[in-house]
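The structure under discussion appears below in the form of structure tokens.
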Amino acid sequence: MKQLSLHASQPRTLNLIVLGAPEIGSTKTVAISVSTDGKTFRKVGKHLFPLGKAERASVSFPDTEAKFIRLTYLDHHAQLAGGFPNTFGFTTEVEAYRVR
């Protein structure tokens with residue numbers, strides 16, 4: 001299981017994470033977790049990406065304070081896409097918002 005962690009300069013109220021995966025790679029299920037201290041994370045959602053198709057996903061959740069965002073690549077497609085090993089996790093973008 002691989003992880004990518006991002007952090008902001010200060011905590012913010014969030015309720016939407018947008019993430020993307022490219023048509024290459026075998027990225028499949030990505031879990032999104034948030035934290036205020038970088039130690040204790042709370043899962044706020046997950047998304048299942050299709051194989052071989054670029055896609056943006058929006059994961060919404062109730063308002064929560066967060067300074068840290070963690071993406072956890074839970075699994076991968078068995079097939080290869082783009083000639084990369086299926087254990088590589090590909091992410092094209094991560095955006096964090098508070099939508100009112």
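Using a 7 Å offset from the Cα along the Cα-to-Cβ direction at both Gln3 and Arg100, what is the distance between the two label points in nm, to one decimal?
Going by the 7 Å Cα→Cβ label model, 3.4 nm.
As a test of the definition: which semi-axes, in Å, follow for the chain when you take the square root of five times each eigenvalue of its alpha carbon gyration tensor? Largest first, please.
Equivalent ellipsoid semi-axes, largest first: 25, 13, 10 Å.
Near Val34, within a Cβ-to-Cβ distance under 9 Å, what is the net charge of the other residues, with Lys and Arg +1 and Asp and Glu -1?
Neighbour charge sum, excluding Val34 itself: +3.
At 7 Å along Cα-to-Cβ for each site, give me the label-to-label distance between Ala57 and Gln10 in nm.
Using points 7 Å along Cα→Cβ, the separation is 3.2 nm.
Residue by residue, what Karplus-based ³J(HN,Hα) values in Hz, rounded to whole numbers, does the range 52-62 have, using 6.51, -1.76 and 1.60 with θ = phi - 60° and x for Gly and Pro?
x, 9, 5, 8, 10, 10, 10, 10, 9, 7, x
Readers should treat all values here as calculations from the given coordinates under stated rules, not as data from a laboratory. Note that the structure is a prediction, hence the values are computed from the model and not measured. Using ideal geometry, Cβ is built from the backbone for each residue, glycine included, and neighbour counts are taken over all protein chains shown.
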